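Encoded as structure tokens, the structure appears first; notes follow it.
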Amino acid sequence: MKLLNVFALILTVAVTPAAMASEKGHGSHWTYEGSAGPEHWSDLDPKFSACAQGKSQSPINLVAGKSGSRKIEVDYKPSALNVVNNGHTIKVSYDKGSSVVMDGNKFNLLQFHFHTPSEHTAKGAPYPIELHMVHQSDDGQLGVIGVFFKEGAKNKALSTVWKRANDHIGMEHTPEGVSINAADFLPADRTHHNYSGSLTTPPCSENVNWNVMVTPLEASSSQIKKLQRLFKANARPVQKLHGRSLSIMK
């Protein structure tokens, strides 16, 4: 998903309240297990009601959908590495000036963060890691690009982040002379699942333009284990479709 009163995401720069809340939860303490876990999010704060009552919630199980032609135009530039363990995820806040264009609308990249296991599943099966790149248009619309990681070769871009990610919660770190390029987290094949969903953390706000890449990237076993060590599990369970349509865009 910082998505908080302006993304938590999860989403910084000016973002909507819903986006920011995805990380901070409007001050209400939420977790991924126990009495403050996903099954109880809607009970923690009236502002989280969509977590239980919403009909367009994320994540979902991704299956074959109708085919379409739709390219995501990517204009990502290098950014300083602004990384933080916020207690829910490892989040990188992105410098201004990077964006994507989807369906003719420009979305500015705010931040990206990681979930283990993946929040979305593919034909019922999760991947070890899912990356969420959170974007926002000038009129406040949210667009997220999701990228899966499977076990394989060591991922150089991931290593840059992991070297600066630690157990200490709440302190953003910007190491001098270290940069990151979000383009390095996109697969060469940009075929993607597209659907209308929500933030995957409280307040679970809907009308989020979701775009989950079909082709996964690779991460080494040690890289996967590091995220699992920091966060035993930080993935919301899959949600019901409630009649929504999915598309495969090429």
Give the residue that is nearest to the chain's Cα centre (by Cα), with candidates limited to residues of segment 200-231 that are under 24 Å from Ala157 (Cβ atoms) and part of a loop (DSSP other than H, G, I, E, B).
Thr200
Being in contact with a strand residue (DSSP E or B) (Cβ under 6 Å, 6 or more places away or on another chain) and modelled with pLDDT under 95 narrows it down to one residue among Ala235, Ala165, Ala219; which is it?
Ala165
Looking at Trp41 and the list (1) in a helix (DSSP H, G or I); (2) modelled with pLDDT under 50, which single condition is not satisfied?
(2)
I need the full set of residues from segment 51-90 which are small (Gly, Ala, Ser) and in contact with a helix residue (DSSP H, G or I) (Cβ under 8 Å, 6 or more places away or on another chain), in order please.
Ala52, Ser79
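Within segment 123-143, take every residue that is among the hydrophobic types (A, V, I, L, M, F, W, C) and farther than 19 Å from Asp189 by Cβ and give me the one that is surrounded by the most Cβ atoms within 10 Å (Cβ to Cβ). Give the derivation first.
Narrowing segment 123-143 to residues among the hydrophobic types (A, V, I, L, M, F, W, C): 125, 129, 131, 133-134, 142.
Then keep just the ones that are farther than 19 Å from Asp189 by Cβ; that gives 125, 134, 142.
Details: Ala125: 9, Val134: 33, Leu142: 29.
Filtering first and then ranking leaves Val134.
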Lone unmet requirement of (1) hydrophobic (A, V, I, L, M, F, W, C); (2) modelled with pLDDT under 95; (3) assigned to a loop (DSSP other than H, G, I, E, B) for Ala18:
(3)
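Output the residues belonging to segment 62-114 that are hydroxyl-bearing (Ser, Thr, Tyr) and under 26 Å from Gly170 (Cα atoms). Break it down stepwise before answering.
As a first pass, look at segment 62-114 and keep what is hydroxyl-bearing (Ser, Thr, Tyr): 67, 69, 76, 79, 89, 93-94, 98-99.
Across segment 62-114, the qualifying residues are Ser79, Thr89, Ser93, Tyr94, Ser98.
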Boolean, Asp139 is more than 23 Å from Glu206 (Cβ to Cβ) and in contact with a strand residue (DSSP E or B) (Cβ under 9 Å, 6 or more places away or on another chain)
no
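The values are calculated or read from the model by the stated rules, or taken from the named source; none is laboratory data. All of these numbers come straight from a predicted model, not from anything done at the bench. Here the Cβ is made from the backbone with ideal geometry for all residues, glycine too, and neighbour counts use every protein chain on show.
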